[in-house]
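Comments concern the structure below.
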Amino acid sequence: MNNRKLGKTNINLNAIGFGGAPLGDLFENLEEPNCFEVLTKCYEANINLYDTSPLYGYGLSEHRLGNFLKTVDEDSYYLSTKVGRYLTPEQESKIDRGRFAGGLNFSPHLDYSYDGVMRSFEQSLIRLAVSKVDICLIHDVDRFNFGNEVDHYFKLAMAGAYKALQKLKDEKVIKAIGVGINDSDICAKFAEAGEFDCMLLAGRYSLLDQNALNDFFPIAEKNNIGIILAGVFNSGILAKGIGENITYFYDKIPEEVKNKYLKISKICENYNVPVPAAAIQLSYSNKLISSMILGMDRPNQIKQNLDYLNFNIPNDLWSDLFKEKLIDERCPLL
């Protein structure tokens with residue numbers, strides 16, 4: 001697997017990283033042995049980035065991931081978690097779990113203040129129970145979570161969370177600081193407001209959406225900010241098609257997106273190329289991308305995604321996608 005440096009840090013990441021949301025019982029309850037097997041397969045495949053968050057299963061993802069990472073050499077992986085919420089114990093019947101089918105019996109409390117972030121990070125260390133966290137990200141300061149109030153939370157995050165992460169980095173508790181969000185223009189806003197090492201961007205540089213080329217990527221290149229992509233399958237459509245219960249940004253698929261997908265799918269079919277292979281390779285083709293985190297909850301998905309990454313895609317497929325204006329002409333290709 002290819003290896004790239006994360007911005008100006010000394011962190012070198014493989015092309016595919018592990019996204020820990022499924023470990024928090026995202027959409028379905030997972031058995032502990034299944035989680036351990038998935039993580040073992042990832043490690044055996046030389047995946048070296050493991051990303052999680054207190055939000056995922058209200059601590060369950062961090063707990064499960066930490067249990068696995070304790071069994072391997074700490075110098076063989078990089079661990080990323082997030083801040084912006086701390087957890088408090090709660091009666092199971094009173095917990096609103098949102099998209100998570102299960103989880104620990106805690107409730108999340110949104111808090112981007114300096115003290116709130118330090119509290120969140122301390123709790124993460126306890127749940128993970130490993131001796132290091134490499135990357136820490138300010139989580140979810142985007143329109144998906146806050147709509148028109150996003151500017152208010154941006155200011156809170158810069159005044160509090162950013163300063164807390166700076167201190168943790170200055171004290172060498174963590175190696176890199178950044179944000180993990182769903183909007184490329186807000187990534188750009190953060191990049192202009194502070195000194196960030198990296199940013200995790202979900203869904204905005206994919207086979208269906210290359211908006212990040214317009215706002216964030218030029219600033220990331222200028223400031224040497226490492227980019228980790230999430231949502232390269234746009235929450236399901238690029239992996240599973242447009243069947244029942246398949247989503248786009250965790251919501252019903254808009255008609256224009258459905259039509260675009262069908263056109264892309266037809267071209268892929270003409271060349272006998274799986275759509276997920278084109279999706280992964282388009283996302284990684286830009287040299288600004290250090291890694292892509294994929295949410296994997298079945299052992300077979302690890303080999304499957306690596307096969308997609310290495311699938312032989314003819315240049316003519318990309319030419320057809322360019323010709324039909326289905327991907328941005330500025331997209332570099334491998």
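Total residues in segment 96-128 satisfying the condition of being surrounded by fewer than 19 Cβ atoms within 10 Å (Cβ to Cβ) and of a type in the set (Val, Ile, Thr): the figure is 1.
Select from segment 122-141 the residues that are in contact with a Cys (Cβ under 9 Å, 6 or more places away or on another chain) and under 19 Å from residue 195 (Cα atoms) and list them in ascending order. Those that are in contact with a Cys (Cβ under 9 Å, 6 or more places away or on another chain) and under 19 Å from residue 195 (Cα atoms): 135, 137.
Return yes or no: is residue 176 closer than 18 Å to residue 139 by Cβ and over 19 Å from the mean Cα position of the chain (by Cα)?
Values: closer than 18 Å to residue 139 by Cβ: yes; over 19 Å from the mean Cα position of the chain (by Cα): no.
Considered against the rule, which asks whether it is closer than 18 Å to residue 139 by Cβ and over 19 Å from the mean Cα position of the chain (by Cα), residue 176 comes out as no.
Residue-wise test of (1) among the polar types (S, T, N, Q); (2) under 18 Å from residue 7 (Cβ atoms); (3) in contact with a Gly (Cβ under 8 Å, 6 or more places away or on another chain); (4) surrounded by fewer than 21 Cβ atoms within 10 Å (Cβ to Cβ).
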| site | (1), (2), (3), (4) |
| --- | --- |
| 171 | no, no, no, yes |
| 176 | no, yes, yes, no |
| 196 | no, yes, yes, no |
| 200 | no, yes, yes, no |
| 203 | no, no, yes, no |
| 206 | yes, no, yes, no |
| 221 | no, yes, no, yes |
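Could you go through segment 129-147 and let me know if any residue there is surrounded by fewer than 22 Cβ atoms within 10 Å (Cβ to Cβ), more than 22 Å from residue 228 (Cβ to Cβ), under 20 Å from the mean Cα position of the chain (by Cα) and in contact (Cβ under 8 Å) with a residue 12 or more places away in the chain. No: zero hits. Could you name every one of the strands (runs of 3 or more DSSP E) located completely within segment 176-238 that has at least 2 residues being free of Cβ contacts under 8 Å to residues at least 60 places away in the same chain? Qualifying strands (runs of 3 or more DSSP E): 176-181, 198-202.
Looking only at segment 287-300, decide whether some residue is assigned to a helix (DSSP H, G or I) and either exposed (fewer than 14 other Cβ atoms within 10 Å of the Cβ) or in contact (Cβ under 8 Å) with a residue 24 or more places away in the chain (or both).
So far as segment 287-300 goes, yes, one or more of its residues are assigned to a helix (DSSP H, G or I) and either exposed (fewer than 14 other Cβ atoms within 10 Å of the Cβ) or in contact (Cβ under 8 Å) with a residue 24 or more places away in the chain (or both).
Examine segment 113-125 for a residue that is under 25 Å from residue 201 (Cβ atoms), β-branched (Val, Ile, Thr) and part of a helix (DSSP H, G or I), and state whether such a residue exists. Yes: one or more hits.
Throughout, read-outs are computed from the coordinates displayed, never taken from laboratory work. Quick caveat, the model's predicted, so the values are computed rather than measured. Neighbour counts are summed over all protein chains in view; Cβ atoms, including those assigned to glycine, are modelled from backbone coordinates with ideal geometry.
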